[in-house]
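Only the coordinates and a few stated rules stand behind these numbers; no lab work does. Computed from a prediction, not measured in an experiment: that's the story for all the values here. Note: ideal-geometry Cβ built from the backbone for every residue, glycine included; neighbour counts use all protein chains shown.
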Amino acid sequence: MLFNQAYSLWRLAIVLSIFSGGAVAQNSSQILSIFESIVDCASCLAALIPLQALAHLGNDPFSDTFIAVCDAAQLEDPDVCSGLMSRLGPIIAHDLRSIDTTGQTATRLCDALFGFCASKTPNPFAVPLPPPSSSIAPPNTPTMRKTSFQVVHISDVHIDREYTVGSEANCTKNICCRNFADEAGDPITDPAQPFGNSKCDSPVSLADSMLDAVNSFDAEFVIFTGDVVEGAIWLTTQDEVTSDLTDFNAAMLSKITAPIFPAVGVYDSTPVNSFPRNTTDTTLGVQWVFDTQSAGWEHWIGSVASQQVDHISGSYAATVPDMNLVILSVNTQYWYRQNLWIYDSDAFQPDPNGIFSFMVEQLQAAETAGQKVWVIGHIPLGKSDLVEDQSNYYDQILQRYKDTIIGQFFGHSHKDQFEIAYSDYNDQTAANAVGVGLICPALTPTSGNPAFKVYDVDPDTFGIMNIRVIFANVTDPSFQENPIWTLYYDARETYGPLVGLPATSELTPAFWHNLTEVFVANDTAFQMFNTFLSRGGDVAPCTDADNCKNTTICDQRAFRSQNNCDVDEGAFGMLKRNVQGSQRREASECEGVSFRDILDEISNSKG
């Protein structure tokens, strides 16, 4: 049956070749037929054959055909179809021209584009690691705790510098509150207010308000885990993104007096998620991103680290002033499923751009010097949109340096979450919990009430003593006049009694595991956590009935993506659990409207 299907699709490729160029519009029905034929992994791989043939006609015919498909199916507004496909189409065409449609890379491309052929099994690879030093002992709990110091964590600001007060907040696009050309003259039904709307990314006024609130805390330093640019990804240009990065760096410098340690996000490039590997031959490189951030961050991280940003693909290591603590900032985008550049070769590349080697080098130096390390990055390692290979290899590094890596901090999901790492994932217990990734909620109101985190940190161990989530309530009547940033909840006060947390104990990985045990047994506690995800701003039901609760707790216990319980059912599978088509995958909350979402909508519309 697969042979017959492949042969049929190959004949379709010949038709596409005949109708290429001036007859792109006629091709849209054939491309839709290809998409409709994709119902599992085998049919997806078969469909890559005619798509590869189309890619060999050139970037323009490939992109133009996909624009015509998007327009013909009326999946998005025409400007979104044109902008998104013209930006991402050439990357996909490049991939298809570079790989064997029967190889592993092809299966992974099918997963990224269509949600089929997903695998939870990483390719075997042992990260080269120095042997542990015999002088390094696991940290002991201090008998007397000194006064904690504060660190602020911000993430996913997504500032829309074209946000226009009075424009339409209830538009047909991924984000609203702009004067879009195709809406000119339309009556305004929901005028954008001064400080934001849940259907729009952050206005500058909201970002400035948050930065002022951050500076009101007596923080020793601030960490920022990426994503500066807004979600109008079909319109972004290199000039705009460069300007956005530069402007936000300047705003942080002018408003926050404490040192800031940033990380690169998926939106901090254009096209969105676009980070070609060093092995990729392309004119669409992103060295300009690293040049911009190297200069913009040098004030905080120093000249050595800023040079690392430029030469280590956005990663760096910097010592916190007057502390025995190193911030190791890693560019996670080379491990990201939706970075479509990672599907342009059949060669096994376990360490894209040498980031793991850099991590090991810096961690070994810290271990030798008796320093502790906080790792910061954009994408949490356990998310379903993190490639299993690199998630597994990162975990190998974590296991080796578990006594040096004291904290790990991420963003990306826009939610208030955590992920636990275990020495043995087949025996997930408090005793085996060796690390935890703390995930910061977003500023952008699209995913709930704007928020950031404040950590209380032990000055001797650099472990986390407490977490407070600070938020501004969009529904508060005063929000549009002057957002009030206030305590949403205190983790120690809220969760501590549930697990019997001793007064002097840190929020250790074991603490977080014990909390998941509470969530299993105490649905009231779990539903409280579910409300906290969006800071009460966009609460979705999550119960045992739809397996949401079980999956959520499983994901909390998965700092490796191979261990999470997220099942990607493919585009047609999306229809089963997204009947109204009103909610996107969690991964898409960061991406906005993506190529994958367009394909999901195709199947939904046909359904």
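A few notes on this one:
- Calculated SAXS-style log₁₀ I(q)/I(0) at q = 0.06, 0.07, 0.11 Å⁻¹ - the chain, Debye, Cα scatterers: -0.30, -0.41, -1.06
- Counted by neighbouring Cβ atoms within 10 Å, the residues Cys548, Cys554 run from fewest to most as Cys548, Cys554.
- Using bins of 5 Å that start at zero, the share of Cα-Cα pairs per bin across the stretch 272-419 amounts to 2, 9, 18, 22, 21, 17, 8, 2, 0, 0, in whole %.
- Rounded to the nearest 10 degrees, the angle from helix 2-18 to the longest Cα principal axis of the chain is 70 degrees.
- Distance from the stretch 179-243 to the stretch 296-372 (C-alpha centre basis), Å: 27
- Net charge contributed by nearby residues that have their C-beta within less than 15 Å of Ile355 (K/R +1, D/E -1): -4
- Taking the C-alpha atoms only, the angle from helix 388-400 to the longest principal axis of the chain is near 10 degrees.
- Per-q log10 I(q)/I(0), the stretch 413-454, q = 0.22 Å⁻¹ (Debye; single scatterer per alpha-carbon; no solvent): -0.68
- Rounded to 5, the percent of DSSP beta bridges in the chain classed as antiparallel: 55
- Here the stretch 404-432 is scanned for amide nitrogen atoms under 16 Å from the site 7 Å beyond the Cα of Ala521 along Cα-to-Cβ, giving 429-431.
- The stretch 59-112 - charge dipole about Cα centre, Lys and Arg +1 at Cβ, Asp and Glu -1, debye rounded to 20: 240
- Rounded to the nearest whole Hz, the Karplus-based 3J(HN,Hα) values (6.51 cos²θ - 1.76 cosθ + 1.60, θ = phi - 60°) of the stretch 451-463 follow the sequence 7, 8, 10, 10, 9, 9, 10, 5, x, 8, 9, 6, x, with x at glycine and proline.
- In plain terms, the residue of Asp523, Asp227 with the fewest other Cβ atoms within 10 Å comes first and the most crowded comes last, giving Asp523, Asp227.
- Computed FRET value (nearest 0.05) for Asp490 with Ser243, which takes r as the C-beta separation and R₀ as 35 Å: 0.35
- Ranking of Ile397, Ile355 by count of other Cβ atoms within 10 Å, fewest first: Ile397, Ile355
- 28 Å tail of the calculated P(r), the stretch 429-567, as % of Cα pairs: 21
- Charge dipole of the stretch 141-280 (Cα centre as origin; +1 on each Lys and Arg Cβ, -1 on each Asp and Glu Cβ, all else neutral): 680 debye, rounded to the nearest 20.
- With a cut-off of 13 Å between beta carbons, the residues surrounding Thr486 carry a summed charge of 0, where Lys and Arg count +1 and Asp and Glu -1.
- Each peptide in 536-547, 451-462 was scored by the mean count of other Cβ atoms within 10 Å over its residues; highest first, the order is 451-462, 536-547.
- Length gained on full extension, Thr141 to Asp100: 9.4 nm, using 0.36 nm per residue less the C-alpha separation.
- Where the Cα pairs of the stretch 179-276 fall when distances are cut into 5 Å bins, in %: 2, 11, 18, 20, 19, 14, 9, 4, 2, 1
- What you get for the chain, charging only the Cβ of Lys and Arg (+1) and of Asp and Glu (-1), is a dipole of about 1060 debye around the Cα centre.
- Net charge of neighbours whose Cβ lies under 14 Å from the Cβ of Ala369, counting Lys and Arg as +1 and Asp and Glu as -1: -2
- Pairs over the 22 Å Cα-Cα cut-off, from the set Lys415/Lys549; Lys402/Lys549; Lys372/Lys402; Lys415/Lys453: Lys402/Lys549.
- Axis angle, to the nearest 10 degrees, between helix 509-521 and the longest C-alpha principal axis of the chain: 70 degrees.
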